[in-house]
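What follows is calculated from the coordinates using simple rules that are stated; it is not laboratory data. Here the structure is a predicted model, which means the values were calculated and not measured. Here Cβ is always computed from backbone atoms with ideal geometry, including for glycine, and neighbour counts include all displayed protein chains.
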Amino acid sequence: MKLDVNVLRYLSKDDFRVLTAVEMGMRNAQEEGLDDLPSELIDRIASLMHGGSNKVLKNLLKHKLVHHDASKYDGFRLTYLGYDFLAIKTMVNRGVFSGVGRQLGTGKESDIFEVVKEDGTVLAMKLRRLGRVSFSSVKAKRDYLRHRSSYNWLYLSRLAALKEFAFMK
């Protein structure tokens, strides 16, 4: 899925609240044997008024920020695009950069984009993509899992990015 940052402008606080709720819920859902997060749990974590997460989830589905699976139960999970939007929103809120530009490259583990700071300085942003077909043996070769028996590719990508960021400091 191609990163379209124009969508980012039109997402509301509630959209990000539900995206964050899905991310938080996914951390524990895998340990409980769930591939997707039940919509009732998302509703509880997001705690929007009048159960407003259903309308928000429809909007997030439209933009492909979450994936819906109703085969076993009504469940949702974050997509890489949804995780990217959460990361970009966090970095913008922290003042790391103010705008996202064109894609500079694609590697086996990541996508690299041009970003711009408030003062016009151009930087590069790396979005991790563990779990691609060419890199699916990451769980055996890397120590991201440590003591965990189950894993989620989005969560592993986050751990890899944190580890790389700490290394670069």
Open item on the list: Given a Förster distance of 35 Å, report the FRET efficiency between Lys108 and Arg44 from their Cβ-Cβ distance, rounded to the nearest 0.05.
Closed with: 0.40
- [ ] Pick out, in residue order, every one of the GluC sites (Glu not before Pro) in region 1-96 that is DSSP loop and has at most 16 other C-beta atoms within 10 Å; say none if there are none.
- [x] Glu31, Glu32
- [ ] Enumerate the calculated ³J(HN,Hα) couplings along region 3-9 in order (Karplus 6.51 cos²θ - 1.76 cosθ + 1.60, θ = phi - 60°), each rounded to whole Hz, writing x wherever the residue is Gly or Pro.
- [x] 6, 10, 6, 4, 4, 4, 4
- [ ] Kindly identify region 6-80 as rounded, prolate or oblate by the Cα gyration tensor criterion: order the square roots of the eigenvalues as a ≥ b ≥ c, call it rounded if a/c is under 1.5, otherwise compare a/b with b/c, prolate if a/b is larger, else oblate.
- [x] prolate
Open item on the list: Check which residues have an amide H placed less than 5 Å from Thr79's amide H, if you skip close sequence neighbours.
Closed with: Val66, His67
TODO: Within 10 Å of each residue's Cβ, count the other Cβ atoms and sort Lys2, Lys72, Lys117 from fewest upward.
DONE: Lys2, Lys72, Lys117
TODO: Rank the residues Ile88, Ile42, Ile112 as a footprinting-exposure proxy: fewest other Cβ atoms within 10 Å of their Cβ go first.
DONE: Ile112, Ile88, Ile42
TODO: Would you calculate the separation in nanometres between label points at Asp35 and Asn93, each defined as 7 Å from the Cα along the Cα-to-beta-carbon direction?
DONE: 3.1 nm
Task: Net charge, Asp36 excluded, C-beta distance under 9 Å - Lys, Arg +1, Asp, Glu -1 - done: -1
- [ ] Using only Cα atoms, locate the centre of region 55-72 and the centre of region 102-130, then give the distance between them in Å, rounded to an integer.
- [x] 26 Å
Task: Residue order, fewest to most beta carbons within 10 Å, for Ser98, Ser12, Ser53 - done: Ser12, Ser98, Ser53
